[in-house]
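Step one of this worksheet: look at the structure below.
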Amino acid sequence: MRPGRRGGSLAVFPGSFDPITNGHLDIVARGLRVFDRVRMSILVNPEKQPLFTVEERLAIIRETYRGNPRVEVDTFSGLLVDYAERVGASVIIRGIRAISDFEYEFQMALMNRRLNPQIETVFMMPAESYSYVSSRLVKEVFQLGGKVTDLVPAVVERRLRDKYGAAIRPARRATARARRS
Ligand code: PNS
C-alpha cells in the first residue's frame with residue numbers, strides 16, 4: 001500500500017456528510033483498523049443545496065474527532081481520484097449499508113478504477129444497527145420533531161437544534177394546543 005504524504009497508509013473517505021451520522025463514524029472506526037489514517041473528504045458541490053455549509057460540516061467533523069490525529073478532514077472538488085492521488089491516498093473507502101446502495105457504489109468504483117487504476121475502492125459495512133441511517137432521514141426526522149439521539153454524534157444534534165430549533169418549536173406548540181383543545 002502506498003504511504004500517504006505524512007507516512008503510513010492513508011485512505012480517503014469521501015462524501016457529502018450533510019451531516020455526519022453514527023453510521024459514518026462506524027465506517028471511520030472500521031477504516032482505522034485497516035489504515036493508519038482516514039481522511040474524511042467533503043465534496044464541495046455547487047449544484048447541491050446542503051443544510052450545513054462546507055465550513056459547518058468541517059467544524060462538526062473536527063469537533064467529533066478532536067484529539068484523534070488519525071482522522072483528518074478536508075474538502076475537495078473535481079474528480080475524486082485526482083484528489084486522492086494529490087493527497088497520496090491509494091484507497092477510497094465507501095460504506096455499503098444495504099444491497100440497494102451497491103449498484104450506485106459499484107458503478108462509481110468501476111468508473112474511478114477506469115479513471116485511475118492505481119486507486120482501489122474498499123467497501124465497508126457499518127453495524128447492522130445503522131443500516132437504515134442516512135443523513136437525509138436524520139434531517140427529515142429531526143425537522144418533524146423526531147428524536148435522532150444515538151443516530152448522530154451529540155455535536156450534530158446540537159447543530160440541528162440550532163438550525164431547525166426556531167422552526168420546530170412553533171410546530172410543537174401548535175401540536176400541544178391542538179391536543180389541549
Ligand atoms: O455521500 P455521497 O453524496 O454519496 O458522496 C458521493 C461522492 C462525493 C463520493 C461522489 O459524488 C464523488 O466522488 N464526487 C466527486 C466527483 C467524481 O469524482 N465523480 C466521478 C465518480 S464516478
Give segment 54-88 a look and list any residue that's in contact with an Asp or Glu (Cβ under 8 Å, 6 or more places away or on another chain), among the charged types (D, E, K, R) and within 15 Å of the ligand (Cβ to nearest atom), or say none. 57
Determine whether residue 55 is under 24 Å from residue 149 (Cα atoms) and of a type in the set (D, E, K, R). yes
Filter segment 94-126 for residues that are under 22 Å from residue 22 (Cα atoms) and part of a strand (DSSP E or B); the one that is nearest to the ligand (Cβ to nearest atom) is 94
Apart from one, (1) within 14 Å of the ligand (Cβ to nearest atom); (2) surrounded by fewer than 19 Cβ atoms within 10 Å (Cβ to Cβ) all hold for residue 91; the odd one out is (2)
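Bear in mind these aren't lab numbers, they're just calculated from the coordinates by the rules spelled out. Since the structure is predicted, the reported quantities are computational estimates derived from the model, not experimental observations. All Cβ positions, glycine included, derive from the backbone under ideal geometry; neighbour counts span all protein chains shown.
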